[in-house]
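Asks: Sharing a structure below in structure tokens format, with a few things to ask.
The values are calculated or read from the model by the stated rules, or taken from the named source; none is laboratory data. Just so we're clear, the structure is a prediction, and the values are computed from it rather than from any experiment. No Cβ is skipped: glycine too gets one built from the backbone with ideal geometry, and neighbour counts run over all protein chains shown. What goes into the accessible areas is simple: the full protein's heavy atoms, side chains included, and nothing from ligands, DNA or RNA. Shrake-Rupley method; radii C 1.70, N 1.55, O 1.52, S 1.80 Å.
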Amino acid sequence: MLENLTPSSFAGPSVPVLVPMPTHMELPSQSQKDLKRDLQINAKVLHVVNGEHFAGAERVQSHLGRCLPEFGVTADFVCVKPGMFPDVLAEHNRSWGRCHTAPMKSRFDMRTAFHVRDLVKAYGYELLHAHTPRTALIASAASRLCRIPWVYHVHSPVARDSANAWNNRINHFIEKVSLYGCSHLMTVSESLRLETIAKGASESKVTVVHNGVPTIRPKRDQFPQPGGRWVLGMVALMRPRKGLEVVLESLAMLKAEALDVVLRIIGPFETEAYRSEIEEMIHRLDIADRIERVGFTNDVPAELVKTDALVLPSLFGEGLPMVVLEAMAAAVPVIATRVEGTPEAVTDGGEGLLAEPRDPVSLAKCIRELVSGKFDWVTMSEAAYKRQTECFSDLAMARGTAEVYAKVLGKGVGGLREGKHSEGSSECAASRPLAATSSD
Ligand SMILES: CC(=O)N[C@H]1[C@@H](OP(=O)(O)OP(=O)(O)OC[C@H]2O[C@@H](n3ccc(=O)[nH]c3=O)[C@H](O)[C@@H]2O)O[C@H](CO)[C@@H](O)[C@@H]1O
Ligand SMILES: O=P([O-])([O-])O[C@@H]1[C@@H](O)[C@H](O)[C@@H](O)[C@H](O)[C@@H]1O
């Protein structure tokens, strides 16, 4: 029962799952190579992960599994929920890390902490790294059982992480209780760092490690022209807080102005009920001719190359969305909302345009400004690509994480620099305005 229950021994995931991007990667740039030079910490870390979907947090985890060995870290995983993650890691034949499983029968099933303790003993892990309230509870207990430290990765503001208020409340409580005894917290954005400190964490124990993605730049044959057709892409596991309804309303406004703007909906719906609501809305707004339904894809870069701008109209609850960084890596401008960590990556008029959340008029204005040529698409596309490569690479994220490990374990050359950001992202983040934190 200890580990490696095969994925087939689980019931299948109850909602659609997302799988990782295939590698369209370029070689690391010189600056990325430099990131690796002086930090080798020789440590074995066990990530305690949910493992249910393959969405944003899991994408971060798999990039870490792939990149942390560059810094002398062996990063393995234990999944506490049945689902997609073990299968994805298996496809990569352990090059992204070994994947154990220790399923919880309920949110409070503490037997999993004993499984984790046994894994620590059997494989010699020196540090636990948790990513959700559920896994924080397990890591916190297991850390006491086997007397090794644990760190926590804050991916989203847990009190408004979903549209389910009850789940949010429970997760908020679990996170709060579990964090006593946590050695260090990593937040995926500066907005989450400030929020985490405001909730009571000691400033010296919280470090921003901005999310990062591989550098990709699929070849593009066609470039959008003012007055021509513009294809927007929304890439997400579609759930209410992503704000798909808002962009549908904006599209209806643009259609009334005879602007030729099409939306490709890329990604699965979390529930059939939500899909039906969206279909009904498309019908009511009479915009079916402006919608292309792509569904889930395991080749996001191939979709991004068909897209003239990524649109992400999030209402609340974001950390630093991976799809924003993935679009920038593919030199696709981003039209998003001014929520949480998103403005740390995208500036209004720089790498894209920022609208107010829940405001279809504001979003329609941003889209109109891009498609009418008020902003030069090529300039914006280059700015997006440049900013991702300089500030939000997968290696910078792994480096920042390794620095935190070095500090907690008291190991390694280099170590964590004093200050609120990890080395990989300090300069990039410091010059950016901070997102207003939504209080949904
Ligand atoms: C509820 C929650 O925990 N949200 C967090 C989650 O993001 P969340 O999962 O909500 O969204 P993201 O945009 O970060 O990630 C979605 C991922 O799914 C992939 N995809 C999407 C559609 C598709 O068809 N195929 C596919 O592979 C995308 O390429 C992307 O890598 O992790 C992010 C990264 O730390 C955080 O900023 C968010 O706050
Ligand atoms: O609340 P929980 O059951 O542990 O798990 C939840 C996941 O199933 C969900 O995919 C994620 O978006 C939430 O942040 C949370 O982690």
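Asks: What's the number of the only condition in (1) out of contact with any helix residue (DSSP H, G or I) (no Cβ under 6 Å at 6 or more places or on another chain); (2) within 16 Å of ligand 1 (Cβ to nearest atom) that Lys205 fails to meet?
Replies: For Lys205, the exception is condition (2).
Asks: Only one residue in Ala327, Ala302 is over 18 Å from Leu254 (Cα atoms), open to solvent by 30 Å² or more (accessible area, probe 1.4 Å) and aliphatic (A, V, I, L, M). Which one?
Replies: When all the criteria are applied, what remains is Ala302.
Asks: Kindly indicate whether any position in the range 120-139 is surrounded by fewer than 24 Cβ atoms within 10 Å (Cβ to Cβ), aromatic (Phe, Trp, Tyr) and part of a helix (DSSP H, G or I).
Replies: Yes, there is a match, as at least one residue in the range 120-139 is surrounded by fewer than 24 Cβ atoms within 10 Å (Cβ to Cβ), aromatic (Phe, Trp, Tyr) and part of a helix (DSSP H, G or I).
Asks: Can you go through Val324, Val311 and tell me which one is closer than 30 Å to Val209 by Cα, out of contact with any Pro (no Cβ under 7 Å at 6 or more places or on another chain) and free of Cβ contacts under 8 Å to residues at least 24 places away in the same chain?
Replies: The match here is Val324.
Asks: From Ser162, Ser202, which residue is over 26 Å from Gly410 (Cα atoms) and not assigned by the TED database to the domain that holds Pro343?
Replies: One residue alone meets the criteria, Ser162.
Asks: Now, a different point. Every residue in the range 67-106 that is over 16 Å from Phe54 (Cα atoms) and of a type in the set (Asp, Glu), please.
Replies: Glu70, Asp76
Asks: Separate question: Would you please list the contacts, defined by Cβ atoms under 8 Å and residues six or more apart or on different chains, that run from a residue in the range 165-189 that is basic (Lys, Arg) to a residue that is crowded, with 17+ Cβ neighbours inside 10 Å and not in a strand (DSSP E or B)?
Replies: Pairs that qualify, where the first residue is basic (Lys, Arg) and the partner is crowded, with 17+ Cβ neighbours inside 10 Å and not in a strand (DSSP E or B), are Arg169/Ala159.
Asks: Could you check the range 291-329 and list, in sequence order, the residues that are of a type in the set (Asp, Glu) and within 16 Å of ligand 2 (Cβ to nearest atom)?
Replies: Once the filter is applied, which keeps residues that are of a type in the set (Asp, Glu) and within 16 Å of ligand 2 (Cβ to nearest atom), the range 291-329 yields only Glu318.
Asks: Moving on. For the range 59-75, name all the residues that are of a type outside the set (Ser, Thr, Tyr), away from ligand 1 (no atom under 15 Å from the Cβ) and open to solvent by 10 Å² or more (accessible area, probe 1.4 Å).
Replies: If the condition is that a residue be of a type outside the set (Ser, Thr, Tyr), away from ligand 1 (no atom under 15 Å from the Cβ) and open to solvent by 10 Å² or more (accessible area, probe 1.4 Å), then Pro69, Glu70, Gly72 are the ones that fit.
Asks: A further question on this structure: For the range 268-312, which residues satisfy the criterion of being of a type in the set (Gly, Ala, Ser) and either within 22 Å of the chain's Cα centre (by Cα) or not assigned by the TED database to the domain that holds Glu245 (or both)?
Replies: Gly295, Ala302, Ala309
Asks: I'd like the residue in the range 151-164 that is buried (at least 16 other Cβ atoms within 10 Å of the Cβ) and free of Cβ contacts under 8 Å to residues at least 60 places away in the same chain and, out of all such residues, is nearest to ligand 1 (Cβ to nearest atom).
Replies: The selected residue is Val158.
Asks: Got a sec? Which of Ile265, Ile216 is modelled with pLDDT under 95, among the hydrophobic types (A, V, I, L, M, F, W, C) and open to solvent by less than 20 Å² (accessible area, probe 1.4 Å)?
Replies: Ile216
Asks: Being assigned to a strand (DSSP E or B), within 14 Å of ligand 1 (Cβ to nearest atom) and under 17 Å from the mean Cα position of the chain (by Cα) narrows it down to one of Ala327, Ala336, so name that one.
Replies: Residue meeting the stated conditions: Ala336.
Asks: Among the residues of the range 165-185, write down those that are within 14 Å of ligand 1 (Cβ to nearest atom) and crowded, with 20+ Cβ neighbours inside 10 Å.
Replies: Asn171, Glu175, Leu185
Asks: Give Gly181, Gly233 a once-over and let me know the one that is away from ligand 2 (no atom under 16 Å from the Cβ) and over 29 Å from Ala402 (Cβ atoms).
Replies: Criteria check complete, one pass: Gly233.
Asks: Quick one: Val188 ticks every box in (1) of a type in the set (Val, Ile, Thr); (2) more than 16 Å from ligand 2 (Cβ to nearest atom); (3) buried (at least 24 other Cβ atoms within 10 Å of the Cβ) except a single one, so which number is it?
Replies: For Val188, the failing item is (2).
Asks: Please state which of the following conditions Trp96 fails to meet, knowing it meets all the rest: (1) in a loop (DSSP other than H, G, I, E, B); (2) crowded, with 18+ Cβ neighbours inside 10 Å; (3) more than 14 Å from ligand 2 (Cβ to nearest atom); (4) over 21 Å from the mean Cα position of the chain (by Cα).
Replies: Among (1) in a loop (DSSP other than H, G, I, E, B); (2) crowded, with 18+ Cβ neighbours inside 10 Å; (3) more than 14 Å from ligand 2 (Cβ to nearest atom); (4) over 21 Å from the mean Cα position of the chain (by Cα), Trp96 violates only (4).
Asks: Looking at the range 219-250, which of the residues that are open to solvent by 30 Å² or more (accessible area, probe 1.4 Å) and within 21 Å of the chain's Cα centre (by Cα) is nearest to ligand 1 (Cβ to nearest atom)?
Replies: Residue satisfying both the conditions and the ranking: Arg239.
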